[in-house]
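J.: Here it is, the structure in full.
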Number of protein chains: 2
Amino acid sequence: MRTTEGTGARQSTLRSSNLALVLRTVCAADGPLSRADVAVRTGTTRATAARLVDELVAGGLLDEGERLAPPRRGRPATPLLPGARIGALGLQVDAGLLAARLLDLRGRVVAERVEEDDLVGSDPARTLARLGALATDLLAGPAGELRLAGAGLALPGLVDVERHLLLRAPNLGWSDVDAVGLLAAHLPDGLRPVPGNEADLAARTVAETAPGRPGPMRDFLYLSGQIGIGGAAVVGGQVMTGSAGWAGEVGHVCVDPDGPPCRCGSTGCLEQYAGRHALLAAAGLPLDTAPAEVVARASAGDADVRRALDAAARALGVALAGVVNVLDLPAVVLGGHLAALAGPLRPPLEELLGRRVLSARWRRPVVAAVTGPPAAGATGAALRALGDVLADPVRRLG
Amino acid sequence: MRTTEGTGARQSTLRSSNLALVLRTVCAADGPLSRADVAVRTGTTRATAARLVDELVAGGLLDEGERLAPPRRGRPATPLLPGARIGALGLQVDAGLLAARLLDLRGRVVAERVEEDDLVGSDPARTLARLGALATDLLAGPAGELRLAGAGLALPGLVDVERHLLLRAPNLGWSDVDAVGLLAAHLPDGLRPVPGNEADLAARTVAETAPGRPGPMRDFLYLSGQIGIGGAAVVGGQVMTGSAGWAGEVGHVCVDPDGPPCRCGSTGCLEQYAGRHALLAAAGLPLDTAPAEVVARASAGDADVRRALDAAARALGVALAGVVNVLDLPAVVLGGHLAALAGPLRPPLEELLGRRVLSARWRRPVVAAVTGPPAAGATGAALRALGDVLADPVRRLG
């Protein structure tokens with residue numbers, strides 16, 4: 001297996017930007033395009049489009065499908081598709097799981113391994129060695145035919161994207177961990193996953209249904225409900241990772257400066273009301289209570305549970321209204337335990353956003369919930385590595 | 001005078017993106033480039049670069065300067081500069097002024113008119129007719145030789161960027177005003193300024209020192225201290241205007257849900273503590289007190305003024321820490337009355353950001369203040385219109 005690193009650096013050269021435009025055009029399309037379609041959509045001549053397509057086909061970034069009967073008389077057109085033999089590896093460590101998932105450039109899951117486990121307070125070296133073994137096992141399988149364009153690692157905390165260090169992952173109890181170095185020692189030669197924040201990467205799976213193919217929502221605030229609360233703002237389909245990669249910490253937006261102290265050193269942070277542990281503690285329930293049980297108790301009229309859910313919804317309303325006022329996002333997407341609690345949370349939350357968002361009179365923010373397969377962060381990590389290929393195909397082609 | 005409208009729509013055609021890349025390269029450079037420099041910086045051949053440059057020179061988007069002696073032996077190179085005969089008109093209505101400013105593609109102010117006046121509660125039709133007359137007068141002057149690539153209008157409120165309506169400008173007391181229509185009736189034929197939020201446009205003057213030339217800060221939260229507080233988040237040099245153009249309403253981030261009612265219908269909004277009127281009322285001062293007077297009283301030990309400033313700094317700390325946690329911005333830039341109050345506000349504000357920003361341990365947010373010529377919104381409106389030319393020169397060249 002060939003491995004190359006994808007770092008997302010985009011070269012502003014004409015060749016690079018022209019190849020990227022053609023590749024993105026094919027990836028973004030709802031169905032296969034012909035060379036003539038590419039010429040029309042990129043506003044160039046057939047000859048130029050064909051030359052660029054040929055280069056991408058030769059490099060494996062595009063595949064030619066079976067020729068179709070032409071819609072009208074003429075030569076049958078060759079359908080173009082994103083390259084099925086280009087893939088990326090997405091990895092994830094979370095408080096409750098380890099995951100390795102291999103995606104191809106068409107966005108299909110080629111292979112995956114997910115292991116659930118309680119990793120709170122685990123030893124970083126041992127846990128990352130386990131993840132490395134999982135990934136190595138995955139890459140040795142039938143997916144070995146895939147040419148790996150890159151790898152990503154989703155981590156539940158603040159990641160230094162320059163130095164590739166995990167600064168702090170409160171849910172795991174890890175700080176200042178060289179997660180990439182510890183992991184890479186257990187991966188095939190030369191493979192160094194690019195680390196990123198779990199919520200940033202999970203948000204990418206909502207913004208894109210496949211590499212470069214836009215999802216139904218392009219502007220939203222994603223909330224990852226975990227022990228605490230992570231998040232990511234997505235603007236025009238782009239995850240706002242911030243200048244150092246530390247953006248999206250919605251869980252630490254202040255709801256009440258006189259509120260309870262937070263692990264972060266501040267007071268009254270959102271996650272002290274709506275994080276999984278804080279909410280369960282407020283409801284007088286054990287910290288391992290499933291969200292479905294919380295919903296059932298609220299429906300049955302349990303006053304403590306209802307009060308805790310109301311406090312969580314109120315805190316979410318205050319904090320998210322502020323974010324929406326600053327970013328003008330038409331939707332909030334709940335993930336993790338917050339998605340499972342969307343039933344009771346949504347009505348009071350939508351009411352509060354309607355009241356506290358300045359522009360709500362003209363467009364009231366929508367609250368949605370996403371429930372998908374586990375380890376969305378691993379999928380997002382692979383999508384990001386494949387997105388780096390789309391942004392700079394020349395790095396791939398040489 | 002030729003007038004064309006710039007709407008910022010960017011066509012994804014190869015010709016457009018290649019011309020835009022060359023034009024942006026010249027505009028972003030610290031000094032004049034030669035065709036050979038352009039070839040190197042855009043990673044293309046000299047022949048291709050020269051062809052693209054020639055097309056831009058023919059269209060007036062680039063100018064050729066006097067030939068310089070070559071650094072080494074060889075033919076003297078012709079320096080390239082942004083076109084001095086392409087300009088844009090920036091207009092602004094604010095609670096305290098009307099402004100019209102003409103900028104060329106090099107970012108130079110070619111001509112301007114600024115009229116200070118109290119426009120709170122003014123009649124929209126009459127005020128916009130005045131602004132139209134001001135602009136018409138400006139365009140009839142020596143600036144008439146400029147080819148106008150577009151015009152922009154800075155408005156202090158929520159602007160519907162799709163329908164080009166001013167939805168609400170609380171400081172002026174205006175709502176649902178067809179500001180562009182009322183203004184265009186008093187402008188030369190066919191000139192319809194594109195409206196935008198004042199703070200969004202003012203922030204652009206910090207992000208760019210000239211059209212397409214990056215300023216010293218590329219990631220920051222800009223605060224426009226007025227009667228209320230406007231703002232804009234700038235990420236990678238781009239102003240985040242939001243999906244509908246309503247982003248940046250930092251003044252309505254909640255500081256305390258149990259705080260005083262705000263004109264917006266919510267409670268405890270930032271501008272109820274740090275807006276000009278709220279701060280002066282809390283200090284027991286007349287609402288027309290100059291910021292310098294406030295600073296002088298605080299220095300002299302006036303307890304009421306100090307308390308009001310502390311409350312404003314605390315509110316700014318709570319609200320801005322939330323925004324920084326979500327957007328990971330390394331700097332906050334104070335504008336308007338907040339810039340004039342930066343002396344007493346900065347120390348407590350920086351201390352609070354250090355305590356409440358999750359990543360402050362690794363990079364503490366900086367608080368800066370900008371004081372420039374009045375009507376930064378008008379400058380920003382012209383910069384945006386010129387930015388539309390840079391994004392899509394083909395629209396200009398035809």
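J.: Name the residues in region B:372-398 that are surrounded by fewer than 24 Cβ atoms within 10 Å (Cβ to Cβ) and on the phi > 0 side of the Ramachandran plot, would you?
T.: The answer is B:GLY398, and nothing else.
J.: Could I ask something else about it? For region A:207-215, indicate whether the set of residues that are among the acidic types (Asp, Glu), over 18 Å from A:GLU249 (Cα atoms), under 21 Å from the mean Cα position of the chain (by Cα) and assigned to a strand (DSSP E or B) is non-empty. Lay out the reasoning, then the answer.
T.: Kept after step one, since they are among the acidic types (Asp, Glu), are these residues of region A:207-215: A:208.
Now drop any that are not over 18 Å from A:GLU249 (Cα atoms), which leaves A:208.
Narrowing further to those that are under 21 Å from the mean Cα position of the chain (by Cα): A:208.
Still in the list and also assigned to a strand (DSSP E or B): A:208.
Yes, region A:207-215 has at least one match.
J.: Something else now. Going by the structure shown, is A:LEU155 touching a residue at least 40 places away in the same chain (Cβ under 8 Å) and within 19 Å of the chain's Cα centre (by Cα)? Please lay out each step first, then the result.
T.: Values: touching a residue at least 40 places away in the same chain (Cβ under 8 Å): yes; within 19 Å of the chain's Cα centre (by Cα): yes.
Against the criterion (touching a residue at least 40 places away in the same chain (Cβ under 8 Å) and within 19 Å of the chain's Cα centre (by Cα)), A:LEU155 qualifies.
J.: Any chance you could count how many residues in region A:29-44 are buried (at least 17 other Cβ atoms within 10 Å of the Cβ), over 18 Å from A:ARG67 (Cβ atoms) and modelled with pLDDT of 90 or more?
T.: Matching residues across region A:29-44 total 2.
J.: While we're on this one: Checking A:LEU167 against (1) surrounded by 15 or more Cβ atoms within 10 Å (Cβ to Cβ); (2) modelled with pLDDT under 90, which test does it fail?
T.: The one condition A:LEU167 does not meet is (2).
J.: Within region B:373-398, track down each residue that is part of a loop (DSSP other than H, G, I, E, B) and touching a helix residue (DSSP H, G or I) at 6+ places or on another chain (Cβ under 7 Å). Can you show your working first?
T.: Just the residues of region B:373-398 that are part of a loop (DSSP other than H, G, I, E, B), to begin with: B:373-375, B:392, B:398.
Matches in region B:373-398: B:ASP392 only.
J.: Quick one: A:ALA244 ticks every box in (1) in contact (Cβ under 8 Å) with a residue 12 or more places away in the chain; (2) farther than 19 Å from B:TRP362 by Cα bar one, so which box is it?
T.: Single failed check for A:ALA244: (2).
J.: Then there is this: Name every residue in region B:117-126 that is out of contact with any Asp or Glu (no Cβ under 9 Å at 6 or more places or on another chain) and either in contact (Cβ under 8 Å) with a residue 24 or more places away in the chain or surrounded by 19 or more Cβ atoms within 10 Å (Cβ to Cβ) (or both), in order of residue number.
T.: If the condition is that a residue be out of contact with any Asp or Glu (no Cβ under 9 Å at 6 or more places or on another chain) and either in contact (Cβ under 8 Å) with a residue 24 or more places away in the chain or surrounded by 19 or more Cβ atoms within 10 Å (Cβ to Cβ) (or both), then B:VAL120, B:GLY121, B:SER122, B:ALA125 are the ones that fit.
J.: I would also like to ask the following. Can you find even one residue in region A:220-229 that is farther than 19 Å from A:LEU386 by Cα and within 7 Å of chain B (Cβ to nearest Cβ)?
T.: No, region A:220-229 has no match at all.
J.: Quick one: in region A:273-300, of everything that is within 26 Å of the chain's Cα centre (by Cα) and charged (D, E, K, R), which residue is nearest to A:ILE227 (Cα to Cα)?
T.: It comes out as A:ARG276.
J.: All but one of (1) touching a strand residue (DSSP E or B) at 6+ places or on another chain (Cβ under 6 Å); (2) away from chain A (no Cβ under 11 Å); (3) within 18 Å of B:ALA378 (Cα to Cα) hold for B:ALA210, so report the exception by its number.
T.: Just one mismatch for B:ALA210, condition (1).
J.: Something else now. Considering each of A:ALA179, A:ALA210 in turn, give the residue that is more than 26 Å from B:ALA319 (Cα to Cα), out of contact with any Phe, Trp or Tyr (no Cβ under 7 Å at 6 or more places or on another chain) and surrounded by fewer than 22 Cβ atoms within 10 Å (Cβ to Cβ). Can you show your working first?
T.: Numbers: A:ALA179 fails: surrounded by fewer than 22 Cβ atoms within 10 Å (Cβ to Cβ).
Sole residue among the options that is more than 26 Å from B:ALA319 (Cα to Cα), out of contact with any Phe, Trp or Tyr (no Cβ under 7 Å at 6 or more places or on another chain) and surrounded by fewer than 22 Cβ atoms within 10 Å (Cβ to Cβ): A:ALA210.
J.: Ok, one more. Can you find a residue in region B:165-186 that is of a type in the set (D, E, K, R), farther than 23 Å from B:ALA382 by Cα and more than 13 Å from the chain's Cα centre (by Cα)?
T.: Step one: of region B:165-186, the residues of a type in the set (D, E, K, R) are B:168, B:176, B:178.
Remaining after also requiring farther than 23 Å from B:ALA382 by Cα: B:176.
So of that shortlist, the ones also more than 13 Å from the chain's Cα centre (by Cα) come out as B:176.
Within region B:165-186, one or more residues are of a type in the set (D, E, K, R), farther than 23 Å from B:ALA382 by Cα and more than 13 Å from the chain's Cα centre (by Cα).
J.: Still on this structure, I have one more. Given the structure, is B:LEU386 farther than 23 Å from A:GLY248 by Cβ, in contact (Cβ under 8 Å) with a residue 40 or more places away in the chain and more than 20 Å from the chain's Cα centre (by Cα)?
T.: Numbers: farther than 23 Å from A:GLY248 by Cβ: yes; in contact (Cβ under 8 Å) with a residue 40 or more places away in the chain: yes; more than 20 Å from the chain's Cα centre (by Cα): no.
The answer is no for B:LEU386.
J.: Taking region A:131-162, which residues are within 14 Å of chain B (Cβ to nearest Cβ) and small (Gly, Ala, Ser)? Let's see the steps before the verdict.
T.: Going through region A:131-162, the residues within 14 Å of chain B (Cβ to nearest Cβ) turn out to be A:156-162.
Once the filter is applied, which keeps residues that are within 14 Å of chain B (Cβ to nearest Cβ) and small (Gly, Ala, Ser), region A:131-162 yields only A:GLY157.
J.: Sort through A:GLY242, A:GLY251 and tell me the only one that's assigned to a helix (DSSP H, G or I) and facing chain B (nearest Cβ under 9 Å). Explain how you work it out, then say what you get.
T.: Details: A:GLY242 fails: assigned to a helix (DSSP H, G or I).
Answer to the selection: A:GLY251.
J.: Here's another thing I want to ask about it. Go through A:ASP189, A:ASP160 for me and flag whichever is charged (D, E, K, R) and within 19 Å of the chain's Cα centre (by Cα).
T.: Values: A:ASP189 fails: within 19 Å of the chain's Cα centre (by Cα).
Just one listed residue meets the conditions, A:ASP160.
A quick yes/no check of all residues on (1) part of a strand (DSSP E or B); (2) more than 17 Å from B:SER122 (Cβ to Cβ); (3) of a type in the set (D, E, K, R):
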| residue | (1), (2), (3) |
| --- | --- |
| B:ARG168 | yes, no, yes |
| B:LEU183 | no, no, no |
| B:ARG192 | no, yes, yes |
| B:ASP200 | no, yes, yes |
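J.: Quick check on region B:45-67. Is at least one of its residues at pLDDT below 90 and more than 30 Å from A:ALA28 (Cα to Cα)?
T.: The answer is yes; a qualifying residue exists.
J.: Looking at region A:127-136, is at least one residue more than 17 Å from A:GLY190 (Cα to Cα), hydrophobic (A, V, I, L, M, F, W, C) and crowded, with 22+ Cβ neighbours inside 10 Å?
T.: no
J.: Considering each residue of region A:321-358, count those that are farther than 23 Å from B:GLY242 by Cβ and of a type in the set (Gly, Ala, Ser), and give that number.
T.: Matching residues across region A:321-358 total 5.
J.: What residue, of B:ALA313, B:ALA247, is closer than 20 Å to A:ALA319 by Cα, aliphatic (A, V, I, L, M) and modelled with pLDDT under 95? So that I can check it myself, show each step before the final result.
T.: Values: B:ALA313 fails: modelled with pLDDT under 95.
None of the others qualify; the one that does is B:ALA247.
J.: For region B:170-181, give me each residue that is of a type in the set (A, V, I, L, M) and outside any loop (DSSP other than H, G, I, E, B). Can you show your working first?
T.: Taking region B:170-181 first, the residues of a type in the set (A, V, I, L, M) are B:172, B:177, B:179-180.
Correct list: B:VAL177, B:ALA179, B:VAL180.
J.: I need a count of the residues in region B:150-160 that are in contact with a Gly (Cβ under 6 Å, 6 or more places away or on another chain) and either of a type in the set (Gly, Ala, Ser) or surrounded by fewer than 21 Cβ atoms within 10 Å (Cβ to Cβ) (or both). If you could, list the steps in order and put the result at the bottom.
T.: If we filter region B:150-160 for residues that are in contact with a Gly (Cβ under 6 Å, 6 or more places away or on another chain), which is where we start, we get B:150, B:152, B:154, B:159.
From what's left, either of a type in the set (Gly, Ala, Ser) or surrounded by fewer than 21 Cβ atoms within 10 Å (Cβ to Cβ) (or both): B:150, B:152, B:154.
So the answer is 3.
The values are calculated or read from the model by the stated rules, or taken from the named source; none is laboratory data. In this text, all values refer to a predicted model and were calculated from it rather than measured experimentally. Glycine also receives a Cβ, built like all others from the backbone with ideal geometry; neighbour counts cover every protein chain displayed.
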